[in-house]
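Working notes for the structure below.
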Amino acid sequence: MTNLLKNALFPVAILFAQIAFGQSHAAGIEAMQLEEWDKAISIYAGLVKANPADQSAFLSLGNAYLAKGDKENALANFKNASNTNSDAPLTYVANGRVLLLENNPVEAEKQFGKSKEVCQKRHDYLEAAW
């Protein structure tokens, strides 16, 4: 099989696996809303395994661990979310959550503010483009 064909089929296989095993953000959100922390952890762990660049899944996985009372795993997942994309608004959210768990609310608030600034700049840019 050529590399092109292999590369084209790989994302399809991941998508099929996510659908087949219910590994979706919607299923994770539902588990979180029902306070089924182990199920949410399983879903989001599958999502980050399938896509290690999914900041949202890392943040949700950290939230599920935190809700379950596992601060160590929550911190590790917030740090993973922080490392996936350095200029995205979610990076600042992840940084803020890490700082909150490290008992540094002042610096955490600054990170949350940066996230808001980045979102506002992107909004202004898109608004100007229209």
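The values are calculated or read from the model by the stated rules, or taken from the named source; none is laboratory data. What you see is a predicted model, and the numbers here were worked out from it, not measured in a lab. Neighbour counts run over all protein chains shown; Cβ positions are idealised from the backbone, glycine included.
Values for this structure:
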| read-out | value |
| --- | --- |
| Sole residue being within 16 Å of ALA31 (Cβ to Cβ), of a type outside the set (Lys, Arg) and out of contact with any Lys or Arg (no Cβ under 8 Å at 6 or more places or on another chain), chosen from SER60, SER82, SER86 | SER60 |
| Count of region 100-119 residues which are polar (S, T, N, Q) and farther than 19 Å from SER56 by Cα | 2 |
| Residue check for LYS6: among the charged types (D, E, K, R) and either surrounded by 15 or more Cβ atoms within 10 Å (Cβ to Cβ) or modelled with pLDDT of 95 or more (or both) | no |
| Count of region 20-49 residues which are surrounded by fewer than 16 Cβ atoms within 10 Å (Cβ to Cβ) and among the aliphatic types (A, V, I, L, M) | 4 |
| Per-region count, region 9-28, residues in contact with a helix residue (DSSP H, G or I) (Cβ under 8 Å, 6 or more places away or on another chain) and either modelled with pLDDT under 55 or hydrophobic (A, V, I, L, M, F, W, C) (or both) | 6 |
| Cross-chain or 6+ apart pairs with Cβ under 9 Å, region 112-130 first and farther than 19 Å from GLY96 by Cα, then surrounded by 10 or more Cβ atoms within 10 Å (Cβ to Cβ) and of a type in the set (Lys, Arg) | none |
| Where a residue in region 67-95 is under 22 Å from LYS121 (Cβ atoms) and surrounded by fewer than 16 Cβ atoms within 10 Å (Cβ to Cβ) and its partner, wherever it lies, is small (Gly, Ala, Ser) and at pLDDT below 95, with Cβ under 8 Å and at least six apart | ASN85/ALA53 |
| Any hit, region 35-51, residues being modelled with pLDDT under 95 and among the acidic types (Asp, Glu) | no |
